[in-house]
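Written below as structure tokens is the structure these notes are about.
Coordinate-derived values only; no laboratory data. As the structure is a prediction and not an experimental result, all values here were calculated from the model. Please note: Cβ atoms are built from the backbone with ideal geometry, for glycine as well, and neighbour counts cover all protein chains shown.
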Amino acid sequence: MLQKVTPERTEEPAMREVLDGRRRGLSALLPFAGPAVVVSVAYIDPGNFATNIQAGARYGYALLWVVVMANLVAMLFQSLSARLGIVTGYSLAEVCRENLPKPLVYVMWVVSELAAMATDLAEFLGGAIGLALLFHLPLLVGMGITAVVTYGLLLLEGKGYRRLELTIGALVGVVGLSYLAELFIAPVGWASLGRQIFVPNLPDGAAVAIAVGIIGATVMPHALFLHSGLTERRARPKTTDERRRIIRLSNLEVVLALSVAGLINLAMVVMAAGAFHGSHPDVAKIETAYQTLVPLLGGAAATIFLISLIASGFSSSVVGTMAGQMIMQGFVSFSIPLWLRRAITMIPSFAVVIAGVDATRALVLSQIALSIALPFPMIALVWFTSRRAVMGDFRNRPAVSVAAVVAALVVLALNVVLLLDTFGVVAL
């Protein structure tokens, strides 16, 4: 089992009360809540907006089961990532650096950095598109505002992780409340929804491509790296029982936070189905969705849609930058100033827009980059959390390992299908 003295752990007095058994129930979860809430942002980012809109517009409620399945897979892998950080005191990137051959570590670092930049491309552009549409601004101006706001949010981390977590939680709340409001505006066929949400159905080949896109936009490589790093420094368990208690609380937070994210994704599909399916099934772009919502459901629905997109873009872009810092520090023990990291991750977004590339097309291409990067953290996470040498008595139980391997193989196979379809090798 790895041993590490984790620097500057920030255990709050309330955490010690929980570990000592003096605080129970829901109040015991609150001091440890935060990492899963932050990570949940990755599951409601602008990439999810794009795939969910396509799913609802073209197929109604038929692909809701895919959202449910993707969310269950996400819960499993995020809980494994959190467990790794809690047990070892290492982030996933650090565990890779300590246990894998150097050439492989450097390859993983480069691929993960590119994935972080691709992630930020989707998230940064999503926030900028929302601002540009809501306030009738040029896209480049929207990008500039997004850059300033997200950098300001990142500075909150220097004032303590709680401030940033609460801010991100508030933005997640904005997205959630926005889609709750949309459900009261858009027509919803509750009976049909209830029948289809748990019944696997892929109407045609194009539905397979969208289903793969939903999963690709849900299980994100940077989120797997980030969660382990966020949990490694939150408390100082003195005994095995205390560590088990932290893991149980972490698993509960993962279920709650990702359940909320899953419900938001379901609401996105339901809203798109109610607004577009039947009358506008070809709606695929965020801009088109907004423009079509105005005459269909009114300006209020369209405005709420953009507000949720902006909140999603701001929060997910912040989280993507945090993940990039953690990836670099973990793999190569090196970090750069936050302003430089923010500038580097923004360069591809500005380059894409200046070059005249369609923004939605850029979002799709970023998902392809994530598909290529995803095998590295997924395989590493399953491998390390199943090894006694790394996890000791906290290694995965056989049933968990089997479930993780099966889920990883399914997700990776679907990503291969997506890549082959994108490059014209197979046609869906």
Using the Kyte-Doolittle scale, which helices in the chain average at least 1.6 and also have C-alpha atoms spread 30 Å or more along the helix axis, with helices defined as whole DSSP H runs?
64-88, 398-422
Which of (1) 28.3, 94; (2) 19.7, 60; (3) 20.7, 61 gives Rg and Dmax of the Cα atoms in Å as computed here? It is (3)
Paired Rg and Dmax values of region 8-114, which use every Cα atom, in angstrom:
18.8, 53
So how do 43-51, 172-180 stack up, highest first, on mean other-Cβ count within 10 Å?
43-51, 172-180
Which part of region 379-404 falls in the paramagnetic zone of L72, meaning amide N under 19 Å from the point 7 Å along Cα-to-beta-carbon?
397-404
Springs between alpha-carbon pairs under 10 angstrom, Gaussian network model over the chain: which of E165, E242, E12 fluctuates most?
E12
In whole Å, how far is the Cα centre of region 62-90 from that of region 173-236?
12
Any idea how far apart L104 and S27 come out in nm if each label point goes 7 Å out from Cα toward Cβ?
4.8
Label-reachable residues, region 34-68, where backbone N falls under 14 Å from a point 7 Å from S279's Cα toward its Cβ
57
